[in-house]
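The values are calculated or read from the model by the stated rules, or taken from the named source; none is laboratory data. Computed from a predicted model, the values in this text were never measured in an experiment. All Cβ positions, glycine included, derive from the backbone under ideal geometry; neighbour counts span all protein chains shown. Remember, those area values only see protein heavy atoms, side chains included, never the ligands or the DNA or RNA. Shrake-Rupley method; radii C 1.70, N 1.55, O 1.52, S 1.80 Å.
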Amino acid sequence: MTAEENMPGATLEIAELTRHFGSVVAVDKVSLALAAGEIVAILGPSGSGKSTLLGMVGGQLRPNSGDIRISGEAIVELPPNKRPTATVFQDYALFPHLNVAENIAFGLRMHRWAKPDIERQVAHMLELVGLSGYERRAISQLSGGQRQRVATARALAVQPRVLLLDEPLGALDRQIRLRLQKELGELLRRLRMTALLVTHDQQEAFAMSDRVAVMRNGKLLQVATPGELYRSPHDAFTATFLGKGRLLSGTIVKQEAGMLVVAAEGATFTCRGEGQSGSAVEVLIRPEHVLIVPNGSSGATWQDVTVQDITPAGETSDIVLARGDFRIESVVLGLPVHKPGDKVAIGLAPSGPFVMP
Amino acid sequence: MSAGLVKNARGSGWITAAALPWLASLLVFFALPLAGLAALSLTDQSGQVSLANYASLADLASGRLDVLLRTLRIGVIVIIASLCIALPVAYYLAKVVQSPRIESLILLLVSATFLAGPLVRTVSWRGILGVHGLINESLLQLGLISEPILSLLYGELAMTLALTYNVFPFLLFTTYLSMKVIDDRIIAAARDLGASPAAAFFRVVLPLAAPGVVTGAVLVFVPTLSAVLEPEILGGTSSRLMATAIRDQFFHAHNWPLGATLTVVLIVSGTITLMLVALVTSLALRACSHYGLSTGVPSHAK
Amino acid sequence: MRSERHVFLTVMTAAMLVFSLTPLVLVSVFSVNASRFYAFPITGLTLQWYSDLLSDDRIWSSLLSSVLIAVGVSAISTCMGTAFAFVVVRGTGRFWRTASVLGFIPLAVPVLVLAAALQVAFVEIGLPLGYGTVIIGHTIFATPFVVLMVVAQLFRYDWRLDAAARDLGASAVETFRHVTLPILMPSIRSGAILGFLLSFNEWAIAFFTGRGFNTLPMLVYSMQRNGLPPSVLAYSSLIVIFVLAAVLLLLPFVLRMLVRGAAQETT
């Protein structure tokens, strides 16, 4: 009986969950449902309440109101040791007085597993995270990435129905983080584990999860797949937190073939989205949708634009374009052919701009 | 944050249970006995309420006032002497020495000598200060003196030396601890902004370490108030301190009310002395800054 | 940046070491000197004073008294002090903050005052002076130091380890037993050794509140009043060796904690 064979994840439902700290509302009526085996990332800046939300599911914190159900059973009244959840803590919280195997066995001992079962499960977990042979190592002898794997193994060992991960890769170097993102995501999918992941790193959220929940000031703003969230954010915060982009104020001129025609900054162009003709709207234009074309090109949205500034950023370059007071950013692969001061025109990628609801 | 909430969730029942044994012991075996002592000081030997004990202090012929003032004076001298040792050494150990091994070794040696206890520590000084002690023998060998100096042992000097020896580690430890937690980059920033090593120490390190220094100063002052061994073993007859007088009232004169009075006076005057030291120190510091006297010299001024 | 000032600091530190070590080294040297007096010249090597000391029956009965008392003090003050350390570190609110400070108040009162007050109180309530009264007095004296020892580590304790243990299915009691206590054990052990040493070498409280026996410091105190017999030097030397051994037992941990700071803990 191992986690892989017998214990796929369960459903998790969070309903109207609220938590105050004094007069501060850290989590404000948050509702969120995870299907069995689904991985959802809660993405938000520090102070958004995402760790508080996770702590209430894990039982380290008590909500002021609201309900949490796993497989339909309410768990709010249960202490953390009675909950079918397990947490991978920020900075791992590995027990410094225990070695790798003892850390992983800790939860099993607490759950009164028989000794041979514990040994088998510990060996299995170490194999899962690729640390076989490290049983007797002290925690202080492990690298950051290895500690992360031990923390994951320790949490998975107790066969939780829902796995909670609090900034699981936050303490790691970029290289290791990128590799572990992939490994950890694949492992959770293979186990069909339901997982709620808290992170401030957009890339981590997008790489590991099925859906992403954007959180700010204690409220859930939008829950959607990574692609949907990036292409069609519902508000200015989500739009800019998830990537670069320019928000323009404009007016819907007409609807045309399922698209909208919007007038903004002295030009009209087509956008995705919904809205009534004549209403004032905010349009999101991401840099990759801003195409630099020769000045005078027919079909360009804005003519007589000046290349103001070029910032190489590795495989891409960021370019700031200006037309009077109007500034907009573009991005190109590699180094641009233009140089600051060049006169160019801007075309917009079809179905790039998005009218936010 | 999460830990804080676990605590709240569990309520404060455990905290009462954890605090109760020690706080109750303090009440029964510390607060009440001290209160009893204070009450006893207000009686005479037949048990009648009386202020005679306090009045007797004013009797100059008894010499008790001299003893009290000597005790307080030596307490202040011990603070100053301990500061002279502890401040540079604590700074050296906490921030200057590069090798953790040397740092540990020195702390280990100081702790080991400290924990040998006041009796052994005090007795051991007799072989240094005696007529044929280490100092006299060395000076004679070097030809610096032709006769041994007799006044080294049995006097205020010997007593003060031993007292300082017995208590300065308190100040060293508290100062070391409070300097240890100062971020190295803060000192580096001060130096980077033009502070000399001395200015960095006096303007940055010392103010940040002040709580530890003050705690240590109290911890070295308090034991000098209760010093019996040092005056008796090294002080000779002319250097009695209050603690000896108290001991004598309890064990030789068997005048407990008077002994109680002396302890009350000792505590009260000791507290006042500490307050005065604090006041004078802060006034002196304020005066220095008022007249633009810097406690450290900026490096480019040299 | 590192030059002239550090010469001064280095010299001061070296001087402090000489100051600290010379008296105790000297007493140990003279404890094997053939001359009866704690004074130059050094006339020869002898272990006579040690055999004098160890053949003195009073020494052995005093040793027994001292050990009995110190063990009792160490046990009681370690339990109370460890418990109270949690109050100091985790107590919130004005009440517990005040209580935490009050817990350290014996440090601010001269030991002799405490000794006198306890003697008066014990006599007044009719508690016979003996081992029990000395243990009580020493416990009041030693416990604040034990608290400080444990608090030093507890302040750096990562409370998320408790949260992690609870998350993995440990009850509150199991968490304390299997996580908190084992991690704190080094500082608790240090506190116990410190409590033992403080009691073992304490003179004033034992002198005031003990009757019917002599602790070692009480005995040696009375011995040295009669012209400092050389066996007192032998005693001093043995104490120095004993304390050095105890400190070596206690210090590797404390020093690691002090010198390296929080770096080695948890992550």
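Data for the structure
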item	result
Neighbours by Cβ (under 8 Å, 6+ apart or cross-chain): first from segment C:219-238, under 17 Å from C:Ser51 (Cα atoms); second among the acidic types (Asp, Glu) and assigned to a helix (DSSP H, G or I)	C:Pro229/C:Asp52; C:Pro230/C:Asp52; C:Ser231/C:Asp52; C:Ala234/C:Asp52
Residue within segment B:143-157 that is among the polar types (S, T, N, Q) and at pLDDT below 90 present	yes
C:Val88 vs. criteria within 14 Å of chain B (Cβ to nearest Cβ), more than 26 Å from C:Pro229 (Cβ to Cβ), open to solvent by 20 Å² or more (accessible area, probe 1.4 Å) and not aromatic (Phe, Trp, Tyr)	no
Strands (runs of 3 or more DSSP E) wholly inside segment A:282-345 containing at least 2 residues that are open to solvent by 70 Å² or more (accessible area, probe 1.4 Å) and out of contact with any His (no Cβ under 8 Å at 6 or more places or on another chain)	A:290-294, A:302-313, A:326-333
Among the candidates C:Asp158, C:Asp162, residue that is within 11 Å of chain B (Cβ to nearest Cβ) and not in a helix (DSSP H, G or I)	C:Asp158
Matching residues, segment C:71-97, being at pLDDT 90 or above and hydroxyl-bearing (Ser, Thr, Tyr)	C:Ser74, C:Ser77, C:Thr78, C:Thr82
Subset of segment B:238-258 (residues that are more than 11 Å from chain C (Cβ to nearest Cβ), of a type outside the set (A, V, I, L, M) and in contact (Cβ under 8 Å) with a residue 60 or more places away in the chain)	B:Ser238, B:Ser239, B:Arg240, B:Asn255
Helices (runs of 4 or more DSSP H) contained in segment B:102-160 and holding at least 1 residues under 30 Å from C:Ser199 (Cα atoms) and touching a residue at least 12 places away in the same chain (Cβ under 8 Å)	B:118-124, B:126-129
Residue in segment A:240-250 that is open to solvent by 20 Å² or more (accessible area, probe 1.4 Å) and closer than 12 Å to A:Val355 by Cβ present	yes
Subset of segment B:207-231 [of a type outside the set (A, V, I, L, M) and part of a helix (DSSP H, G or I)]	B:Pro207, B:Pro211, B:Gly212, B:Thr215, B:Gly216, B:Phe221, B:Pro223, B:Thr224, B:Glu230, B:Pro231
Residue within segment B:159-170 that is over 20 Å from the mean Cα position of the chain (by Cα) and more than 9 Å from chain C (Cβ to nearest Cβ) present	no
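Every residue, every condition in (1) over 19 Å from the mean Cα position of the chain (by Cα); (2) open to solvent by 10 Å² or more (accessible area, probe 1.4 Å); (3) modelled with pLDDT under 85, yes or no:
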{"residue": "B:Phe202", "(1), (2), (3)": "yes, yes, yes"}
{"residue": "B:Ala217", "(1), (2), (3)": "no, yes, no"}
{"residue": "B:Asn255", "(1), (2), (3)": "yes, yes, yes"}
{"residue": "B:Gly259", "(1), (2), (3)": "yes, no, no"}
{"residue": "B:Leu266", "(1), (2), (3)": "no, no, no"}
{"residue": "B:Val280", "(1), (2), (3)": "no, yes, no"}
{"residue": "B:Val297", "(1), (2), (3)": "yes, yes, yes"}
